[in-house]
Amino acid sequence: MQKLLLAALAAFASLTACAQTPSSTAAHMTASAAQASPAVTKAPGIWIDVRTPEEYGQGHLKDAANIPLQEFAERIQSAVPDKNAAVHLYCRSGRRSGQAEQIMRELGYKNVTNQGGYEDLKAQGLS
């Protein structure tokens, strides 16, 4: 009986000790993963913010041109004459930049990407 009680106590002690190991390992792994993750960088190419000038003035990605959607069809060909250039569009939510992408494709642009919303891009670390 004493041997059985001693074995049960030893098993309980070892399980309790093991239960604490994963949390310290997980914390270590999380720190390592955060340290190892590369910095997010903007894709190369021309970045265009299709929001209004007021929205653009409240914050925008560095080096992004502002061509509001209302003026987009009239201004895009003079702003980006090379129809093979990499162009990245964004707005507040991705809706207007999607419309601008469609305009560019109809005009024959080949390398156009709707990058979505400004706040999401900023949250990803782009500036």
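The values are calculated or read from the model by the stated rules, or taken from the named source; none is laboratory data. Because the structure is predicted, anything quoted here is derived from the model rather than measured.
Of the residues making up region 57-75, none is in a helix (DSSP H, G or I), more than 19 Å from the chain's Cα centre (by Cα) and modelled with pLDDT under 95. Considering the conditions (1) modelled with pLDDT of 95 or more; (2) assigned to a helix (DSSP H, G or I), Pro81 is excluded by exactly one of them, (2).
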